[in-house]
Amino acid sequence: MMGPAHSLSGAAAWLGVGAAAAALDHPMPWPVVVVGALLCAGAALAPDLDQKSATISRAFGPLSHALCGVVDKLSTVVYNSTRSRGERHRSGGHRTLTHTWPWALFIGSGFSAAAAIWDRWAVLVILFIHVVLAVEGLLWRMARVSSDVLVWLLGAACAWILAGVLEQPGNGADWLFTGDGQEYLWMGVPIVLGALVHNIGDALTISGCPILWPIPIAGKRWYPLGTPRFMRFRAGAWVENAILMPAFMVVSGAGSLVALGFIG
């Protein structure tokens with residue numbers, strides 16, 4: 001799928017989790033609902049770090065473009081060194097390493113650890129990165145025609161405000177993990193979810209997605225999981241724009257109403 005659909009599906013996924021938590025009588029504080037949706041929407045773009053033409057490669061100028069190049073080379077090396085005998089050699093790493101469940105857990109765990117160890121400063125950085133990505137994905141038309149600096153300033157302002165809200169008592173800094181020193185540890189959860197939702201979205205397209213690597217399937221370590229062939233579509237096709245994105249909007253709206261306690 002394309003960037004906007006990935007981001008919207010990420011936000012919808014977290015709001016769905018918030019609705020489920022509320023239905024199970026364990027509602028999230030509203031800042032966790034909002035921050036989690038932004039983190040998940042931003043993280044849903046991150047697996048495309050292996051592609052220089054992706055939305056994420058433009059998000060932070062030369063820095064993100066260079067990072068995409070590094071991740072592409074790393075992914076290519078990992079793929080070629082772990083592929084099965086029947087899998088072809090590749091010169092590019094798109095839809096390999098960063099499109100797997102181990103990568104999602106690695107990235108989410110890394111951000112969780114950073115938030116728990118470095119507290120507010122790490123939270124600010126995590127929020128800044130993912131808010132900028134969420135803006136690039138959800139508000140892509142405006143982001144394309146505006147200055148990158150303006151998007152970064154918006155991300156920085158949102159990060160500062162949201163970090164200040166979260167640290168207030170009862171606003172969710174210790175949501176999910178309540179032990180001493182475990183504040184903000186939950187922030188890796190929407191990041192993992194966003195990456196996995198991205199992979200599931202890509203599995204709906206023609207090429208499929210090797211989500212379960214390195215588990216071998218049909219003799220292949222990089223087996224591209226997906227729906228039946230007749231149900232798949234090309235990224236950016238009318239199915240994505242006319243059916244999936246409206247469906248994600250409906251799920252997001254309904255999920256937010258339930259998660260925030262307006263319904264139920």
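The values are calculated or read from the model by the stated rules, or taken from the named source; none is laboratory data. Because the structure is a prediction, the values reported are computed rather than measured. Glycine also receives a Cβ, built like all others from the backbone with ideal geometry; neighbour counts cover every protein chain displayed. Ligands, DNA and RNA are excluded from the accessible area calculation, which covers all protein heavy atoms including side chains. Shrake-Rupley method; radii C 1.70, N 1.55, O 1.52, S 1.80 Å.
Here is a check on your reading of the model: is Arg88 without any contact (Cβ under 8 Å) to a residue 12 or more places away in the chain, among the charged types (D, E, K, R) and in a loop (DSSP other than H, G, I, E, B)? Walk me through how you get there before you give the answer.
On the way: without any contact (Cβ under 8 Å) to a residue 12 or more places away in the chain: yes; among the charged types (D, E, K, R): yes; in a loop (DSSP other than H, G, I, E, B): yes.
Against the criterion (without any contact (Cβ under 8 Å) to a residue 12 or more places away in the chain, among the charged types (D, E, K, R) and in a loop (DSSP other than H, G, I, E, B)), Arg88 qualifies.
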Open to solvent by less than 20 Å² (accessible area, probe 1.4 Å), closer than 16 Å to Met187 by Cα and either part of a helix (DSSP H, G or I) or at pLDDT 95 or above (or both): is that true of Gly69 in this structure? no
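Of all the residues that make up segment 21-44, how many are under 14 Å from the mean Cα position of the chain (by Cα) and either surrounded by fewer than 20 Cβ atoms within 10 Å (Cβ to Cβ) or part of a loop (DSSP other than H, G, I, E, B) (or both)? Reasoning before the result, please.
Step one: filter segment 21-44 for residues under 14 Å from the mean Cα position of the chain (by Cα), giving 35-44.
If we keep only those that are either surrounded by fewer than 20 Cβ atoms within 10 Å (Cβ to Cβ) or part of a loop (DSSP other than H, G, I, E, B) (or both) too, we end up with 44.
Final tally of qualifying residues: 1.
Take Val77 and tell me if it is in a helix (DSSP H, G or I), of a type in the set (A, V, I, L, M) and in contact with a helix residue (DSSP H, G or I) (Cβ under 7 Å, 6 or more places away or on another chain).
Numbers: in a helix (DSSP H, G or I): yes; of a type in the set (A, V, I, L, M): yes; in contact with a helix residue (DSSP H, G or I) (Cβ under 7 Å, 6 or more places away or on another chain): no.
No: the conditions fail for Val77.
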Which of the residues belonging to segment 114-149 are within 22 Å of Leu8 (Cβ to Cβ) and free of Cβ contacts under 8 Å to residues at least 24 places away in the same chain? Val135, Leu139, Arg141, Met142, Ala143, Arg144, Val145, Ser146
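Do we find a residue being in a loop (DSSP other than H, G, I, E, B) and open to solvent by 50 Å² or more (accessible area, probe 1.4 Å) anywhere in segment 134-146? Talk me through it step by step, then tell me what you get.
Narrowing segment 134-146 to residues in a loop (DSSP other than H, G, I, E, B): 139, 146.
Cutting the leftovers down to open to solvent by 50 Å² or more (accessible area, probe 1.4 Å) gives us 139.
Yes, segment 134-146 contains a residue that is in a loop (DSSP other than H, G, I, E, B) and open to solvent by 50 Å² or more (accessible area, probe 1.4 Å).
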Residues that are surrounded by 21 or more Cβ atoms within 10 Å (Cβ to Cβ) and either modelled with pLDDT under 95 or within 19 Å of Thr76 (Cβ to Cβ) (or both), drawn from segment 189-210: Asn199, Gly201, Asp202, Thr205, Cys209, Pro210
If you check every pair at least six apart or on different chains, which have Cβ atoms under 9 Å apart with a residue in segment 62-78 that is closer than 10 Å to Thr96 by Cβ first and a residue that is open to solvent by 80 Å² or more (accessible area, probe 1.4 Å) and outside any helix (DSSP H, G or I) second? Asp72/Lys52; Thr76/Ser91
Please go through (1) open to solvent by 30 Å² or more (accessible area, probe 1.4 Å); (2) more than 19 Å from the chain's Cα centre (by Cα); (3) farther than 27 Å from Ile107 by Cα for Ala247 and return the number of the only condition it doesn't satisfy. (2)
Out of (1) out of contact with any Pro (no Cβ under 7 Å at 6 or more places or on another chain); (2) farther than 21 Å from Leu49 by Cβ; (3) open to solvent by less than 40 Å² (accessible area, probe 1.4 Å); (4) in a helix (DSSP H, G or I), the one Ala114 does not meet is (2)
Considering only residues of segment 45-63 that are open to solvent by 30 Å² or more (accessible area, probe 1.4 Å) and assigned to a loop (DSSP other than H, G, I, E, B), which is nearest to Leu138 (Cα to Cα)? Phe60
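What number of residues within segment 211-227 are of a type in the set (Gly, Ala, Ser) and crowded, with 16+ Cβ neighbours inside 10 Å?
Narrowing segment 211-227 to residues of a type in the set (Gly, Ala, Ser): 218-219, 226.
Now drop any that are not crowded, with 16+ Cβ neighbours inside 10 Å, which leaves 226.
Result for segment 211-227: 1.
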Odd one out for Thr98 among (1) over 23 Å from Pro29 (Cα atoms); (2) open to solvent by 50 Å² or more (accessible area, probe 1.4 Å): (2)
Quick check: anything in segment 216-234 more than 18 Å from the chain's Cα centre (by Cα), at pLDDT 90 or above and of a type in the set (Ser, Thr, Tyr)? yes
With the first residue restricted to segment 160-179 and required to be under 11 Å from Leu127 (Cα atoms) and surrounded by 16 or more Cβ atoms within 10 Å (Cβ to Cβ), and the second required to be among the small types (Gly, Ala, Ser) and at pLDDT 90 or above, Cβ contacts under 6 Å at 6 or more apart or on different chains are none
